[in-house]
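The next block holds one structure in the form of structure tokens; read it before the comments.
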Amino acid sequence: MLGTDIAIDLGTSSVKIYLDGKGIVLNEPAIVSVNLETDEVVATGKEAYAMVGRTSSKIRVCHPLSGGVVSNFDLAKCLIETYLRKISASRVVMPRVVVSVPCKITEVEKRAVVDVISSSGVRKICLIEEPVAAAMGANVDISAPHGTLVVDIGGGTTDMAVLSLSGIAISRSVKVAGDAFDAAIIKYIRRKYNLIIGQRMAEACKIAIGCVFPRKEILTFRVKGRNAMTGLPQWADISSDEALEALIDSAMQMIRVLQEMLEKTPPELMGDIYSDGMIVTGGSAQLYGFDQLLAKKTKMPVHVADDPQDCVAVGAGKAIKFIDDMENKTYGVLNPLSAAY
């Protein structure tokens with residue numbers, strides 16, 4: 001265990017840690033709850049997630065990572081330190097770390113990610129862009145001179161990129177993903193039923209009946225919350241067709257960005273993509289009908305990766321072996337890692 005290299009998938013909704021040789025050893029929500037009176041951290045991960053929407057006035061539940069980047073430095077640092085302690089009790093040699101980041105973030109945002117992780121005593125940090133990690137996690141050979149289109153739909157951002165020769169030829173990042181779907185459900189139910197529901201209820205509804213393509217058989221889900229007019233408890237049965245109505249706008253927003261990116265893709269790479277199709281990864285890739293909607297709007301085959309929610313973490317783990325190449329650049333070795341600190 002001492003000095004074993006690790007890979008971290010720093011997601012908006014969850015943090016996954018991959019140990020070299022062991023696979024994913026930790027998968028926890030990226031949530032921290034704080035006592036407002038003492039400014040102390042009360043709980044992290046699953047314990048904090050259980051408190052979402054159910055706290056007293058003394059406790060606030062925070063997401064230290066939003067849109068794939070660090071929004072609260074101190075809490076993010078505390079979260080990472082807690083998780084690194086969980087996977088190993090004592091350390092003599094500090095590990096080297098590969099961290100996944102969205103593909104269109106600024107240098108300042110990259111620096112924040114690096115600072116958060118280095119503050120927990122890591123000796124070397126390498127960054128890998130999420131679409132590259134997702135493609136590696138989906139077992140795609142990205143080192144060939146061949147175009148591969150990857151769409152990674154996470155919690156805070158959707159990253160899409162055309163990859164070739166272990167790098168990104170063209171990419172886009174849009175802040176519409178799993179969280180935007182939850183928000184769309186909350187808004188729709190408020191508008192249609194005058195019913196205010198919480199984030200967890202919206203997420204449960206999305207998982208149970210959410211779709212962006214009409215289902216063959218209509219499913220229903222009961223949402224419970226508070227009536228916006230009377231303030232009294234109320235429930236409503238939502239059908240999958242209503243969920244489709246709520247979610248389709250966000251899905252189309254992503255597709256418009258994807259279409260715009262394809263318009264600017266070099267024609268040779270476009271030919272490769274057209275024959276191979278695109279690969280969809282990320283937790284929200286499991287939303288019913290997403291692959292069918294993408295196939296219909298882009299006129300190309302769509303493949304959802306196996307275990308799409310783990311692709312980025314597994315891909316970042318596979319990139320661990322390239323850390324040494326960052327230090328001594330060997331001729332002819334194409335490196336998927338984008339930067340080292």
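Rg over Rh for segment 152-299 works out to 1.06, both radii taken from alpha-carbon positions and Rh defined as the Kirkwood radius.
In units of the compact-protein estimate 2.2 N^0.38 Å, segment 218-341 shows a Cα radius of gyration of 1.54.
The aspartates and glutamates within cross-link reach of Lys58, meaning a Cα-to-Cα straight distance under 14 Å and a gap of 8 or more places when in the same chain, are Glu37, Asp39, Glu40. Between Thr157, Thr298, Thr12, the Gaussian network model of the chain with springs among Cα atoms under 10 angstrom shows the greatest mean-square fluctuation at Thr298.
Taking other C-beta atoms within 10 Å as the exposure proxy, Ile117, Ile248 rank Ile248, Ile117 from fewest upward. Within the chain, the longest run free of exposed loop sites, counting GluC sites (Glu not before Pro) that sit outside DSSP helix and strand states (H, G, I, E, B) and have at most 13 other Cβ atoms within 10 Å, spans 38-216. Around the amide H of Lys124, modelled in the peptide plane, lie the amide H atoms of Val97, all under 5 Å away and 5 or more residues distant in sequence or on another chain.
Placing dummy labels 7 Å off each Cα toward the beta-carbon, the span from Lys321 to Lys297 is 3.7 nm. Other residues within the sphere of radius under 11 Å centred on the Cβ of Thr148, judged by their own Cβ, net out at -3 (K and R +1, D and E -1).
Rounded to the nearest 500, the helix-only mean residue ellipticity at 222 nm of the chain stands at -11000 deg cm²/dmol, with each DSSP H run of n ≥ 4 adding -39,500 (n - 2.57). Working note: Debye formula, equal point scatterers on the alpha-carbon atoms of segment 1-150, no solvent; log10 I(q)/I(0) at q = 0.08, 0.12, 0.13 Å⁻¹ is -0.24, -0.54, -0.62.
Extending 7 Å from Cα along the Cβ direction at Lys22 and again at Ser56 yields two label points whose distance is 3.7 nm. When peptides 227-239, 142-154, 67-79 are sorted by average Cβ neighbour count within 10 Å, with the highest value leading, the order is 142-154, 67-79, 227-239. In this rough spin-label picture, where each label sits 7 Å from Cα along the Cβ direction, the Leu219-Leu334 distance is 4.0 nm. Each residue of segment 50-65 was assigned a 3J(HN,Hα) from its phi angle through the Karplus expression (A = 6.51, B = -1.76, C = 1.60, θ = phi - 60°), giving 5, 8, 4, x, 10, 9, 8, 5, 7, 10, 10, 9, 10, 9, x, 10 Hz with x at Gly and Pro.
In straight-distance terms, cross-link reach from Lys187 covers every one of the aspartates and glutamates whose alpha-carbon lies under 20 Å from its own, apart from those fewer than eight places away in the same chain; here that gives Asp179, Glu203, Asp237, Asp241, Glu242, Glu245, Asp249.
Each Lys and Arg adds +1 at its Cβ and each Asp and Glu adds -1 at its Cβ; summed about the Cα centre, the chain shows a dipole of about 860 debye. Cα convex hull, segment 178-246: 67 Å³ per residue, rounded to a whole number.
Quick note: the coordinates plus some simple rules give every number you see, no bench work behind them. The structure presented is a predicted model; accordingly, all values stated were derived computationally and were not measured. Quick reminder, even Gly has a Cβ in these numbers, built from the backbone with ideal geometry, and neighbours come from all protein chains shown.
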